[in-house]
Each structure stands twice: as C-alpha cells, then as structure tokens.
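J.: Take this structure, written in structure tokens, and hold onto it; I'll ask about it next.
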Amino acid sequence: MRHFLDLDAVAPGDLRAILDEAARRKAARRGRPKGAADDDAPLAGHALAMLFEKNSTRTRVSFDLAIRQLGGFPVLLSAAEAQISRGESIADTARVLSRMVDAMMFRANRHADLLELAQHATVPVINGLTDASHPCQIMADLMTLEEVQGPVAGRTIAWVGDGNNVCNSFIHAAPRLGFALRIGAPAGFKPPRALVAEAGGAVEVFDDPAEAVAGADAVCADTFVSMGDTNKAERMQALMPYQVNAGLMAKAAPGAVFLHCLPAHRDEEVSSDVIDGPQSHVFDEAENRLHAQKAILLWCFGLIGSTP
Ligand code: CP
Ligand code: NVA
C-alpha cells in the first residue's frame with residue numbers, strides 16, 4: 001500500500017511515471033465531457049474519502065472529478081461537520097474510514113495529523129495540503145511546465161516570496177526530478193534550512209528576488225498569507241518587495257513561464273499584468289490538478305510506477 005504524503009518519500013522514477021501518466025490521460029480524453037469516465041475506468045467501484053480541515057476549491061473539485069473519471073466515486077467530509085471536530089481521534093477516524101473507503105485525501109491544519117491518519121489507515125492516504133507541504137500541487141505545476149517547455153530536468157525554476165508549504169514541496173521535487181530551484185525570500189520567511197540542505201546543490205536561497213529569478217525558465221509565486229497564518233501585517237511588510245511584476249519577470253529567461261497555485265491576490269504577490277498576461281499559465285496549472293490527481297491515485301493503487 002502506498003501513501004502519497006510528500007515528494008521526498010516517492011521514488012524519483014515514480015514521480016516521473018506520475019507526470020507521464022497525467023499527460024497521457026489528459027491527451028487521451030481531450031474533448032470529452034468532464035464528468036465522463038476514461039475508457040478503461042481503472043478504479044471502477046473505488047471510493048475516495050476527502051477530508052477537509054481547510055477551505056478548498058481546486059483540490060476539492062479536482063479530486064472529485066479525478067476519482068469519477070477513473071471510474072470510482074468521492075465521499076466528501078468537512079472536518080467541521082465530522083466527529084473529528086468533537087474530539088474523535090484521528091486514529092479512530094483512520095480506522096473507520098479504512099473500513100468504508102478505498103483511499104483517503106486529507107487537507108490538514110497540522111502535518112502531524114496527516115502522518116497520524118496515514119499511520120492508522122489501512123488504505124492509501126494522500127496529502128491534500130498541510131501547513132508543511134502541498135505535494136499534489138507540485139505535480140500539477142511540473143506537468144504544466146513540461147507542456148510548455150518540455151522535460152523539466154535541467155531547467156531552472158525560481159520561487160519568489162514566502163518559503164511556505166508549496167515551496168517546501170518544490171524543494172522536495174528539485175533533486176528528484178533534476179531541476180534547479182532558486183528561492184528569493186526575506187529573512188524570517190525562508191524555507192527550513194534542513195530541508196534546503198537535504199536537497200543538496202539543487203536548491204539555492206537568496207535574499208534578492210532579482211538574483212533568484214535571473215535567467216530562470218519559470219517564476220512561481222504564492223499568497224503572502226497562507227491559510228492559518230495570523231501575522232498578516234508583518235507578512236505584507238516583509239513580502240511586498242517580493243512581488244512578481246513585469247520588472248522582475250524581465251530578469252527571467254525570455255519566454256519564462258509564470259505559475260501560481262491559486263488562489264491569487266492580484267497586486268500583492270503578483271501584479272495583475274503578469275498573472276493575466278501572456279507568460280502566465282495559471283489556469284492550465286489549475287486544470288492540471290485534475291490530471292495529476294488521477295495519476296497520483298493510480299500510483300497509490302500500484303497501477304503505475306515501480307512494483308510496490
Ligand atoms: N491550489 C490549491 O490547492 O487550491 P485550493 O485551495 O482551492 O484547493
Ligand atoms: N500556501 C497556500 C496555498 C493554498 C493552495 C496556503 O497554504 O494557504
């Protein structure tokens with residue numbers, strides 16, 4: 001049984017297999033109604049529970065459609081309405097859901113709770129975002145870059161702004177998929193030192209956003225205030241100089257792609273002209289959440305990737 005908890009726990013060859021399967025399935029169903037199943041419906045009869053402790057638009061809808069397109073069906077649980085919010089333990093929740101569904105996706109406030117759910121589950125558990133990481137997002141991001149620029153191996157990706165959960169998953173991916181990640185972030189908002197060190201030479205961290213972006217094939221931004229962050233004023237003051245705008249994009253390679261996991265805050269982390277301009281692929285990126293999710297689900301069930 002495979003859990004999809006973080007990209008550093010997935011074999012590099014399996015990350016490659018997920019990206020390839022996502023692209024293959026996307027191409028194979030072009031033009032179909034979005035609710036129609038893929039021809040092979042490889043997860044027919046399988047149920048996916050989706051448990052949310054935080055808001056979501058993309059993750060919720062993409063997992064819902066992903067399991068349906070694979071032939072299965074979703075079961076949606078808001079943590080606020082489930083017994084978990086009245087004190088039922090995560091361990092018991094994991095045991096109960098494991099008896100009723102074939103896989104679980106959890107968007108958790110605390111990464112430790114995701115790990116606890118996985119520890120007690122007897123079916124695959126997928127990380128749908130925690131305070132520490134967002135691995136599904138990065139698979140969609142890399143898929144999007146490959147659609148535009150070809151293989152991501154050997155490319156340079158810049159991350160500008162908060163060294164947050166999404167950034168952490170980019171750090172996991174860089175050495176495993178062979179791209180360079182250059183992070184521009186202010187003091188107090190840099191990613192964890194140990195995480196950067198684990199990535200070896202694949203990841204570099206800069207104070208100056210222009211240095212991070214210089215010559216990059218892609219520039220990525222995310223909100224300055226993530227779900228659960230309380231220090232909005234301090235964040236805005238420290239991070240506004242890290243806005244991705246036309247001036248900063250001009251320092252990247254010609255034709256560099258702009259990505260943002262969304263939801264976006266125009267004229268905060270990114271200027272409107274950049275996110276709504278020709279270099280932006282943010283809506284391809286959002287759509288690709290669906291295609292990437294399908295490949296992740298197939299990997300969890302051992303249908304793609306190396307033999308578990
Ligand atoms: N990018 C992302 O995870 O979006 P949602 O919060 O809408 O799921
Ligand atoms: N860093 C953001 C990502 C949202 C998809 C957050 O955690 O709120």
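J.: Could you name every one of the helices (runs of 4 or more DSSP H) located completely within the stretch 60-149 that has at least 3 residues being within 26 Å of Arg29 (Cβ to Cβ) and away from ligand 1 (no atom under 16 Å from the Cβ)?
T.: 135-149
J.: Here's a follow-up. Please work out which residue is farthest from Ala66 (Cα to Cα), limiting yourself to the stretch 263-288 and to residues that are open to solvent by less than 10 Å² (accessible area, probe 1.4 Å) and among the acidic types (Asp, Glu).
T.: If we take residues in the stretch 263-288 being open to solvent by less than 10 Å² (accessible area, probe 1.4 Å) and among the acidic types (Asp, Glu), then Glu269 is farthest from Ala66 (Cα to Cα).
J.: While we're here: Of all residues in the stretch 180-228, which are touching a strand residue (DSSP E or B) at 6+ places or on another chain (Cβ under 9 Å) and of a type in the set (Asp, Glu)?
T.: Within the stretch 180-228, Glu204, Asp207, Asp208, Glu211, Asp217, Asp222 qualify.
J.: Next up: Taking into account only those residues within the stretch 213-230 that are over 16 Å from the mean Cα position of the chain (by Cα) and within 11 Å of ligand 2 (Cβ to nearest atom), which is least open to solvent (accessible area, probe 1.4 Å)?
T.: Across the stretch 213-230, the extreme among qualifying residues is Phe224.
J.: A further question on this structure: Suppose we filter the stretch 150-167 for residues that are open to solvent by 10 Å² or more (accessible area, probe 1.4 Å) and either aliphatic (A, V, I, L, M) or assigned to a helix (DSSP H, G or I) (or both); how many remain?
T.: 2
J.: Follow-up. Report yes if some residue within the stretch 263-278 is closer than 25 Å to Val61 by Cα, within 15 Å of ligand 2 (Cβ to nearest atom) and out of contact with any strand residue (DSSP E or B) (no Cβ under 8 Å at 6 or more places or on another chain); otherwise report no.
T.: yes
J.: Filtering the stretch 116-141 down to residues that are among the hydrophobic types (A, V, I, L, M, F, W, C) and within 16 Å of ligand 2 (Cβ to nearest atom), which residue is most open to solvent (accessible area, probe 1.4 Å)?
T.: Ala132
J.: Could you look through the stretch 232-262, keep only residues that are within 14 Å of ligand 2 (Cβ to nearest atom) and under 25 Å from Gly128 (Cα atoms), and pick out the one that is surrounded by the fewest Cβ atoms within 10 Å (Cβ to Cβ)?
T.: Only one residue tops the list, namely Lys232.
Yes/no matrix, rows are residues, columns are (1) β-branched (Val, Ile, Thr); (2) touching a Cys at 6+ places or on another chain (Cβ under 7 Å); (3) open to solvent by 20 Å² or more (accessible area, probe 1.4 Å); (4) touching a residue at least 40 places away in the same chain (Cβ under 8 Å):
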| site | (1), (2), (3), (4) |
| --- | --- |
| Met1 | no, no, yes, yes |
| Ala11 | no, no, yes, yes |
| Ala44 | no, no, yes, no |
| Thr57 | yes, no, yes, yes |
| Arg68 | no, no, yes, no |
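The values are calculated or read from the model by the stated rules, or taken from the named source; none is laboratory data. All values reported here derive from a predicted model rather than from experimental measurement. Cβ atoms come from the backbone with ideal geometry, glycine included; neighbour counts cover every protein chain shown. The area values use the complete protein model at the heavy-atom level, side chains included, leaving out ligands, DNA and RNA. Shrake-Rupley method; radii C 1.70, N 1.55, O 1.52, S 1.80 Å.
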